[in-house]
Amino acid sequence: MRKFKVGIIGCGNISSIYFTNIQHFHMLDITACADLDMNRARERAEQYGVPKACGVDELLADPDIDIVLNLTIPQAHAEIHLRALEAGKHTYGEKPLALDLEGGKRILSLAKKKGLSVGCAPDTFLGGSIQTCRKLIDDKWIGEPIGATAFMMSEGPESWHPNPGFLYEKGAGPMFDMGPYYLTTLIHLLGPIRRVAGSTRITFPERMITNDYNYGDTLQVQTPTHSAGILDFHNGAVCTMITSFDVLGSKLPHIEIYGTHGTLIVPDPNDFGGPILVKRHDWPDFKEIPMVYGFTGNHRGIGLMDMAHGIANGQLHRANGDLAYHVLEVMHGFELSSNAEQYYNVGSSCAQPESLPMDGYRFSTRTKIS
Ligand SMILES: NC(=O)c1ccc[n+]([C@@H]2O[C@H](COP(=O)([O-])OP(=O)(O)OC[C@H]3O[C@@H](n4cnc5c(N)ncnc54)[C@H](O)[C@@H]3O)[C@@H](O)[C@H]2O)c1
């Protein structure tokens, strides 16, 4: 089995789960890590036994590295992807793919020109819960999908994230930070999106940090913090979606899919596990459906493993650049529609990602999957 050497750029908050999980994937070895802050790179290297901590230039110049894992902040995603591709490396990153559509297009076109792969989180849609939901839809447990709701509403991340500033800059906010989980899941379940009608607002232009690290500091908000809208899918389904960092409490479900013969309640798309609930037309109430796929724990990195598997076998991976670009365009569509006061027709599309095989990637993991 071909092994890929991975170099991680960005050794912050989310990196620890990638460092941990990648150790369990046969096809991947982390051989170097880099950060603007060398202390962070050194700390992670020491913590996870990575042979080299270095600067970004040195990592990109390392001829042994096959794949760059880009875990920088959204404002740096496009630059690092483009530099990785220029250096002849496949690249996989956290969401969103880029801040703007221009950046996203440049990444896809450079990857095509160089014959390299681009992958992008979230990969939670490859987890046991969303894969089982996809099977339920494909097997017609709820009939033909006619509509959906998707709600991500919270008070915002400044109460827990150690560096929350970037989450209120362009390219973040609830839509760009959390929207990718919801939209990627919806596209996996229902296929690509045709048009968007959105309304967006900034409720508090300035916010106070309430975490344990910089309590009392203020943040200037540069991106909408409440977006509501309608998504029309190519398959005819119509979805109502809200993403917000301005809501103090809500009991609305994460995602529900409505079909001609029943309703499917999809678990939190930010997680890999259940519970999944279904109510069919001939059932008196909802029943919990067991998950029939693996990867039900926090398996962040599985999308990267799938990309390595795709490169090794000449197949398109699931969390691919076209999907990430389509998600990026739909997210922008909310604000573009709101500003123009009309529907935004989505120019891009993508293939609905294939389900994972039912036996998952057992052969690719060093340890038993949960
Ligand atoms: N924290 C979470 O729970 C979480 C969850 C899912 C996804 N994400 C995503 O992961 C990414 C990183 O988030 P985080 O929470 O780890 O942020 P973070 O601020 O904790 O870490 C980001 C790291 O990237 C480094 N960095 C920034 N620009 C760089 C550059 N140009 N070159 C090299 N290093 C650079 C920073 O120094 C920092 O160490 C974001 O895209 C975020 O949306 C975060």
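The table that follows gives values for the structure above.
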quantity	calculated
Cα centroid separation, the stretch 141-205 to the stretch 1-50 (Å)	28
Simple label model, 7 Å out from Cα along Cβ direction - residue 149 to residue 26, nm	4.4
Surface accessible to a 1.4 Å probe, residue 18 within the full protein complex, Å²	0
Candidate aspartates and glutamates - alpha carbon under 15 Å from residue 112, same-chain residues fewer than 8 apart omitted	86, 322
Fraction of accessible area attributable to carbon and sulfur, the chain (%, probe 1.4 Å)	51
Residue 335 - accessible surface, heavy atoms, 1.4 Å probe, Å² rounded to 10	70
Most to least packed among 172-182, 257-267, 341-351 [average Cβ atoms within 10 Å]	172-182, 257-267, 341-351
The stretch 125-289, relative contact order in percent, only Cα pairs under 8 angstrom and at least six apart counted	33
Relative contact order of the chain, defined on C-alpha pairs under 8 angstrom at six or more residues apart (%)	20
Estimated FRET transfer efficiency (residue 163, residue 64; beta-carbon r; R0 22 Å; 0.05)	0.10
For residue 80, solvent-accessible area (1.4 Å; no DNA, RNA or ligand), Å²	10
Reach of residue 3 by Cα under 20 Å, taken over lysines that are not fewer than 8 positions away in the same chain	52, 89, 368
Accessible-area order (highest first, 1.4 angstrom probe) of the listed residues 279, 251	251, 279
Full-stretch length increase - residue 313, residue 235 - with 0.36 nm per residue and alpha-carbon distance subtracted	25.1 nm
Relative contact order, percent, the stretch 130-222 [alpha-carbon distance under 8 Å, six or more residues apart]	31
Amide H contacts under 5 Å for residue 270, placed H, 5+ residues apart	none
Distance (nanometres) between label positions extended 7 Å along Cα→Cβ at residue 47 and residue 86	3.0
Amide hydrogen neighbours beyond the local backbone of residue 26, cut-off 5 Å, H modeled	365, 366
FRET efficiency for residue 359 and residue 38, using Cβ-Cβ distance with R0 set to 35 Å, rounded to 0.05	0.25
Heavy-atom accessible area per residue - the chain, 1.4 Å, Å²	41
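The values are calculated or read from the model by the stated rules, or taken from the named source; none is laboratory data. Everything numeric in this text was worked out from a predicted model, so none of it was measured. Counting neighbours? That spans all protein chains shown, and the Cβs are built from the backbone with ideal geometry, glycine included. Protein only, heavy atoms only, side chains kept; ligands, DNA and RNA dropped before computing areas. Shrake-Rupley method; radii C 1.70, N 1.55, O 1.52, S 1.80 Å.
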